[in-house]
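Heads up, the thing below is written out as structure tokens.
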Amino acid sequence: MRRQGAGKIINMAWDHIFAGLGTHQGELYALTKGAVWAYSKSLARTLSPAIQVNVIAPGWIETAWGEGLDAVHRSRVANTTPLQRWGKPDDVAAAAVFLASSQADFITGQTLVVNGGVIMW
């Protein structure tokens, strides 16, 4: 998500619910994403063992939104990501396929962060 105010561009992503973002918009964004995160854990406990509940938290993913950014901003994102690139939609899809597979049968209540290592915890 990108908000503009007072001549300043504020970028918000899932990463900010773990690291924080010192703006009013960041507080609201963290509140909503944090609620999804917490709610998923409650659902995982309530619905187990019949249903597994997990969250995929993508970072900077190449989408139509990102294509609209200027070259400096796009480069800055890649340079500050440990894997030195933007994520691809296929990176997120692969995470979803994994969580839906039998290989993830013993995983519930987790958040899989697909962000190239921007936030590590």
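Residue separation times 0.36 nm, minus the C-alpha to C-alpha distance between M120 and L83: what's the value?
12.1 nm
Find how much the distance from K41 to E62 grows on full extension, using 0.36 nm per residue of separation minus their present alpha carbon separation; answer in nm with one decimal.
Working: separation 21, 0.36 × 21 = 7.56 nm, distance 2.81 nm.
Roughly 4.8 nm would be gained on extension.
Kindly rank 65-78, 108-121, 29-42 from highest to lowest mean number of other beta carbons found within 10 Å of each residue.
Numbers: 65-78: 12.3, 108-121: 16.1, 29-42: 14.4.
Most protected by this proxy first, the peptides run 108-121, 29-42, 65-78.
Once you put a point 7 Å from the Cα of A104 and another 7 Å from the Cα of E27, both along the Cβ direction, what distance in nm separates them?
Distance between the two pseudo-spin positions: 3.4 nm.
FYI, it's all coordinate maths here, none of it is from the lab. Quick caveat, the model's predicted, so the values are computed rather than measured. Counting neighbours? That spans all protein chains shown, and the Cβs are built from the backbone with ideal geometry, glycine included.
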